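Have a look at the structure below before the remarks.
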Amino acid sequence: TRTPQRADLIELCVRSGVKHLHVEKPLCNSVLELQVLSSLFDQFHVHCTFGALRRYLSPYLQVKNLLDGGSIGLLQEVQVALGPGRLCWSHIHAVDLIAFILRSDLITEVRAFADRGSFQSSGSCVDGDPLLRFAHFLCSNGSQGLISYAGGCDLWLYGSKGILSVLNDGEQLNKRSIGTGTSPYFSDQRCLEFPATQFSGTAAALDRHLR
């Protein structure tokens with residue numbers, strides 16, 4: 001389906017009794033549509049996933065479990081480097097990873113920069129999909145998130161006691177921590193194992209519904 005009609009189709013599904021939805025990205029075409037859909041999901045107790053899928057895949061689940069278990073201490077910063085791309089097409093994956101790691105309910109402020117020539121704007125309306133250069137997310141607990149223009153398809157989590165990184169779009173999971181002796185540097189580097197992903201892509205999101 002194309003994005004301009006997607007919100008109406010989702011609403012039709014919800015009002016027809018569908019309780020589980022997996023929708024392609026972007027979910028809808030405006031903040032207003034998003035607010036309407038969010039209210040409908042709450043009202044009809046609907047579980048919805050959409051095309052930003054990394055949070056359902058093994059290396060990203062593992063890095064979140066390590067973080068929640070205190071592996072790198074207090075989280076200070078999350079960085080996502082997916083390379084040059086459009087906000088709603090490419091970097092929706094980065095935004096979702098930031099929300100997944102930082103917790104979206106703790107995010108209090110967002111700033112972003114985009115190439116002016118990549119979209120048109122009038123008031124609060126943006127026509128087009130901006131080419132994102134940089135985005136910064138600030139949380140109420142002091143942690144922050146960054147989306148970079150740099151490539152590599154990497155995720156970095158910086159904590160008070162170490163660093164976790166998911167490299168090459170989930171190919172490798174690394175941990176750096178303080179080594180032996182008096183050095184303050186995170187010089188002890190290890191490649192960590194993570195469970196094999198049973199499903200990939202959309203199948204992982206659909207499996208989430210079954211659970």
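The values are calculated or read from the model by the stated rules, or taken from the named source; none is laboratory data. It should be emphasised that the depicted structure is a prediction, and the values quoted were computed from it without experimental measurement. Ideal geometry is used to build each Cβ from the backbone, glycine not excepted, and the neighbour counts take in all protein chains shown. Each accessible area value is taken on the protein alone, full model and side chains, heavy atoms only, with ligands, DNA and RNA left out. Shrake-Rupley method; radii C 1.70, N 1.55, O 1.52, S 1.80 Å.
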- Query: Helix 92-102 versus the longest principal axis of the chain: what is the Cα-based angle in degrees, 0 to 90, to the nearest 10?
  - Reply: 60 degrees
- Task: Compute the whole-percent fraction of alpha carbon pairs in the range 53-137 spaced more than 19 Å apart.
- Result: 46 percent
- Note on the structure: One can check that the equivalent ellipsoid of the range 39-82, built from the alpha-carbon gyration tensor with semi-axes equal to the square roots of five times its eigenvalues, has lengths in Å, largest first, of 27, 14, 11
- Simple spin-label estimate for R190/R208, 7 Å along Cα→Cβ, in nm, reads 2.9 nm
- Expressed as a whole percent, how much of the Cα-Cα distance distribution for the chain exceeds 21 Å? 60 percent
- Note on the structure: Toy charge model, Lys and Arg Cβ at +1, Asp and Glu Cβ at -1: the chain dipole around Cα centroid in debye, rounded to 20, equals 200 debye
- Message: Can you compute the modelled spin-label distance between D115 and L32, with each label point 7 Å from Cα toward Cβ, in nm?
- Response: 3.0 nm
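In Å², and per residue, what accessible area does the chain have when probed at 1.4 Å with the other protein chains present?
57 Å²
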- Query: How about the range 107-211: which GluC sites (Glu not before Pro) there lie in a loop by DSSP and see at most 15 other Cβ atoms within 10 Å?
  - Reply: E171, E193
- Loop only per DSSP, at most 14 neighbouring Cβ atoms within 10 Å: give me the chymotrypsin sites (Phe, Trp or Tyr not before Pro) in the range 138-211, ordered by residue number. Y185
- Suppose every K and R has +1 on its Cβ and every D and E has -1 on its Cβ; what is the size of the dipole of the range 1-96 about the Cα centre, in Debye to the nearest 20? 240 debye
- Item | Accessible surface of the range 92-176, 1.4 Å probe, proportion on carbon and sulfur as whole % | 50 percent
- Mean-position separation - Cα centroids, the range 160-211 and the range 64-79, in angstrom: 10 Å
- Within the chain, helix-based [θ] at 222 nm, where runs of 4 or more DSSP H residues each add -39,500 (n - 2.57), nearest 500: -8500 deg cm²/dmol
